[in-house]
1. Pairs only if they're at least six apart or on different chains, beta carbon under 8 angstrom, first in the range 65-87 and farther than 24 Å from Lys117 by Cβ, second surrounded by fewer than 16 Cβ atoms within 10 Å (Cβ to Cβ); list them, first residue then second.
2. Are any of the residues in the range 93-106 under 13 Å from the mean Cα position of the chain (by Cα), touching a residue at least 60 places away in the same chain (Cβ under 8 Å) and outside any loop (DSSP other than H, G, I, E, B)?
3. What is the one condition in (1) loosely packed, with under 13 Cβ neighbours inside 10 Å; (2) not in a helix (DSSP H, G or I) that Val12 does not satisfy?
4. Which one of these is modelled with pLDDT of 95 or more, closer than 21 Å to Asp29 by Cβ and surrounded by fewer than 19 Cβ atoms within 10 Å (Cβ to Cβ): Ala80, Ala116, Ala86?
5. Within 18 Å of Ala136 (Cα to Cα) and among the hydrophobic types (A, V, I, L, M, F, W, C): is that true of Leu32 in this structure?
6. What are the pairs with Cβ atoms under 9 angstrom where one residue, in the range 143-156, is over 13 Å from Thr58 (Cβ atoms) and the other, located anywhere, is aromatic (Phe, Trp, Tyr)? Sequence gap at least six, or different chains.
7. Cβ-Cβ distance below 9 Å, separation of 6 or more or different chains: which pairs start in the range 16-34 with a residue that is without any contact (Cβ under 8 Å) to a residue 60 or more places away in the chain and closer than 23 Å to His118 by Cα and end on one that is in a helix (DSSP H, G or I) and among the β-branched types (Val, Ile, Thr)?
Amino acid sequence: MEARLNLFGNQVATKAGKHINAAGKAVTDSTLPAATQELVKIRASQINGCGFCTDMHTKDATEAGETPIRLNLVAAWREAKVFTDAERAALELTEQGTRIADAAGGVSDEAWVNAAKHYDEEQLGALVTLIALINAYNRMNVIVQQPAGDYQPGQFG
């Protein structure tokens, strides 16, 4: 299986990707917990059907010490007892922020207030930015049908 367009060899896509990565560094360097960042990236990627990003971020999370039980339950986080209340709030915000087109009102006040109970202003800024960035990457990869399964942790860093 080949991608419709080589995002890594296309001058415009590569340049845009560098800018997205630069924005992502602000999130990575924030106080938003690294485990929460990976859970957010995985959940948005699952919702968007992005195999490439789901592969990448589950492998990166595993490399960082995330447990198989938690990774296997990300898609069913509401019923899983393995996530903290803060992680659950981040996952809810991720779902609503990813499914904006499916909800007439966008992200609910309830989801926002719940996230704000667990995260300070810097972390909320990082969380909002992260949700937007992973959705951008998901869309790029889904549009070109980027194949999944070959990612090796650290290959882009």
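1. Thr67/Val82; Pro68/Thr62; Ile69/Val82; Leu71/Thr62
2. no
3. Of (1) loosely packed, with under 13 Cβ neighbours inside 10 Å; (2) not in a helix (DSSP H, G or I), only one is false for Val12: (2).
4. Details: Ala80 fails: closer than 21 Å to Asp29 by Cβ; Ala116 fails: closer than 21 Å to Asp29 by Cβ.
That would be Ala86, the only listed residue that is modelled with pLDDT of 95 or more, closer than 21 Å to Asp29 by Cβ and surrounded by fewer than 19 Cβ atoms within 10 Å (Cβ to Cβ).
5. Against the criterion (within 18 Å of Ala136 (Cα to Cα) and among the hydrophobic types (A, V, I, L, M, F, W, C)), Leu32 does not qualify.
6. Every condition considered, the pairs that remain are Gln146/Phe52; Pro147/Phe52.
7. Between residues of the range 16-34 that are without any contact (Cβ under 8 Å) to a residue 60 or more places away in the chain and closer than 23 Å to His118 by Cα and residues that are in a helix (DSSP H, G or I) and among the β-branched types (Val, Ile, Thr), the close pairs are Ala34/Thr28.
The values are calculated or read from the model by the stated rules, or taken from the named source; none is laboratory data. Here the structure is a predicted model, which means the values were calculated and not measured. Note that we place each Cβ from the backbone using ideal geometry, even for glycine, and neighbour counts take in every protein chain shown.
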